[in-house]
1. Tell me, Phe203, Phe211 in order of fewest to most beta-carbon neighbours within 10 Å?
2. Mean residue ellipticity at 222 nm from the helices of the chain, using -39,500 (n - 2.57) per DSSP H segment of n ≥ 4 over the full residue count, to the nearest 500 deg cm²/dmol?
3. Provide Arg158, Arg173, Arg3 in ascending order of the number of other Cβ atoms located within 10 Å of each residue's Cβ, fewest first.
4. Working from the alpha-carbon coordinates of the range 154-242, get Rg over Rh, Rh being the Kirkwood radius.
5. May I ask for the Kirkwood hydrodynamic radius of the range 54-271, worked out over all distinct Cα pairs and given in angstroms to one decimal?
6. Please list 35-43, 81-89 highest first by mean number of surrounding beta-carbon atoms within 10 Å per residue.
7. Normalised by the number of residues in the chain, what is the relative contact order in percent for Cα pairs under 8 Å and 6+ residues apart?
8. Specify, per residue and in Å³, the volume enclosed by the convex hull of the alpha carbon atoms belonging to the range 1-53.
Amino acid sequence: MKRQRTVQALLLNGGMLVLALLFLLPIVWMIVAATKANHQILSVPPSLAPGSSLAANWRDLNSDLPFLRNVFNSVAIASIFTLFATLISAMGGYAFAKFSFRGRAALFLVVVAALTIPFEVRAIPQYLLIARDLRLANTWIAVILPWLAYPLGIFFMRQNMLSVPTELLEAARIDGAGEARIFLQVVLPIMRPALAAVAIVVFLFQWNDFFWPLLILTQKQAYTIPVALGTLVGLTRVSWGGIMVGTAIATVPFLVLFLFLQRYFVAGITAGAVKD
């Protein structure tokens, strides 16, 4: 029996190792390709040996774009969005889970329905509202504002908030705590894993978002990283080396962040498996 369990463990670990290598291979190739010239990147068969064109690729990237400014835009927009979207998701989830009010079921149905509506359906009216009526084109607010009430975050936090004991909230009210204090000092500390999971999801969404920033940002100085890198693909010239450098810069920091927060992410995802 022990021998059988050992064999099963080895097979499982071996299979997971193969899958991990398949997952990491494109990332390794991207980092290696950032050091190669264009003709080396497109060579067949490809080589994982590092090249000597990293500095040249970096110069090409910055000659076409104010890339450091674009990185700053992405970091600032994603950070601000993550802070406020996570807070709004927590507030919305708490309200749906722990308060009874008229229209709660209908409002929650709207949140769930919003998860199924493709962005392309509302892209034009949303663009007209933000760019024409509010005159916010080429600003951080234009990128952040439409997604602050993130439906997936509200839904996820609501599922997690169902696990908060109502008796704990009642005890805090009996002690004289107001609703704001209960939310900030009682509920949020309990919800740390779920908050971390939502923060990672919304940060990744905003960091990788391409379509909406492409519509609302028309000046190079205002571009986020995905839009900036998209402009490097031209009709007659594609700066593959610059794209690889920019993609590596955009990818590696998030992987490092996820490695530090993965424990909270997994705990938050599993804690959300609560039936109403």
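What follows is calculated from the coordinates using simple rules that are stated; it is not laboratory data. Only a predicted model underlies this, so the values are computations on that prediction, with no experimental measurement involved. Note: ideal-geometry Cβ built from the backbone for every residue, glycine included; neighbour counts use all protein chains shown.
1. Phe211, Phe203
2. -22000 deg cm²/dmol
3. Ranking Arg158, Arg173, Arg3 by Cβ neighbours within 10 Å, fewest first, gives Arg3, Arg173, Arg158.
4. With Rg and the Kirkwood Rh in hand, the quotient comes to 1.29.
5. 19.3 Å
6. Output ranking for 35-43, 81-89: 81-89, 35-43.
7. 31 percent
8. Once divided by residue count, the hull of the range 1-53 is 79 Å³.
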